Amino acid sequence: MNHLISPSILAADFGNLQRDIEMLNKSEGDWIHVDIMDGLFVPNISFGFPVTEVAYKHATKPLDVHLMIVDPDRYIKRFAAAGAAGITVQFEACPNLHRTVQVIKEAGCRAGVAINPHTPVAMLVDIIGELDLVLVMSVNPGFGGQHFIENTYKKVAEVKKLAEANKPNLFIEVDGGVDQNNAGKLFLAGANVLVAGSAVFAAADPSAMISTLKHA
Ligand code: DX5
Ligand code: ZN
């Protein structure tokens, strides 16, 4: 499968969001990662519908919405209406995950499930066949600019193995601390979508950094 890059606008300049989205439109980036944090599931609050709608208005690429919120079922339809092409919920926030996944699909979106660094890949065994995407968190969710957790490579390889047996075209995404030092190794381990916030937006040339990551 192609190697995709999903730059996270959490690290964009919100005073110049349109400019930054237009840069992403012209770049080799594939999706646009939209991080929603509620101050409950994670200790931080990011942004919600208005910013997502602005991103959708200016983006020519699909919005990859990552819900780091409790009880995400309440908001799936609204994020779909705000322009999400894919919606990823956190495994740890969903007591009825199978139902949540169906709600995402009924809303017309690609269905993703994210697992935190402490959550074993094996927890996905009975749901993997229903999923379009698995997101392996390589930091504890809540903040951009954190240090990449090395155990992620092993987990990505485990997801890859599970996907080969159950869902060959699964998107395997990694999020948190992704940069030019780990991107190639993550692709080798089996990832096919990399999220990058700080690595892209703190780079002197963000568009060039997206290309560097994509071809790592
Ligand atoms: C972290 C978010 C990430 C974040 C990644 O909780 O889910 O998507 O934007 O940022 P970096 O690439 O800076 O670690
Ligand atoms: Zn994210």
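Any read-out appearing in this document is the output of simple, stated calculations on the displayed coordinates, not a laboratory observation. Keep in mind it's a predicted model, so treat the numbers as computed, not measured. Heads up, the Cβs are rebuilt from the backbone with ideal geometry, glycines too, and the neighbour counts pull from every protein chain shown.
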Taking only Cα atoms and a 10 Å spring cutoff, compute GNM fluctuations for the chain and point out the largest among 132, 205, 73. 205
For 98, 33, what ranking results if the residue with the fewest other Cβ atoms within 10 Å of its Cβ goes first? 98, 33
With r defined as the distance between the Cβ atoms of residue 58 and residue 181 and R0 fixed at 35 Å, what FRET efficiency is calculated, to the nearest 0.05? 0.70
Computed [θ] at 222 nm, deg cm²/dmol, the chain (DSSP H ≥ 4; -39,500 (n - 2.57); rounded to nearest 500): -9000 deg cm²/dmol
Charges only on Cβ, +1 for Lys and Arg, -1 for Asp and Glu: so what's the dipole of the stretch 46-96 about the Cα centre, in debye to the nearest 20? 220
Sorted by Cβ density within 10 Å, fewest first, the residues 76, 127, 32: 127, 76, 32
Ellipsoid semi-axes in whole angstrom, largest first, where each is sqrt(5λ) of the Cα gyration tensor of the stretch 48-109: 21, 11, 9
Please work out the Cα center distance from the stretch 11-79 to the stretch 178-196, rounded to the nearest Å. 21
Between residue 81 and residue 22, what is the label-to-label distance in nm when each label sits 7 Å out along the Cα-to-Cβ direction? 3.0
Modelled label-to-label distance, residue 2 and residue 73, 7 Å Cα→beta-carbon offset: nm? 3.5
Calculate the tail of P(r) for the chain: the fraction of all Cα-Cα distances greater than 23 Å, expressed in %. 39
Counting only C-alpha contacts under 8 Å and six or more residues apart, can you give the relative contact order of the chain as a whole percent? 22
Debye, to nearest 20: dipole size of the chain, +1 on Lys, Arg Cβ, -1 on Asp, Glu Cβ: 280
Which number gives the lysine pairs in the chain that have C-alpha atoms under 13 Å apart and are eight or more places apart or on different chains? 5
Specify which residue in the list 96, 168, 139 is farthest towards the positive end of the charge dipole of the stretch 80-187, using unit charges on the beta carbon of Lys, Arg (+1) and Asp, Glu (-1), about the Cα centre. 168
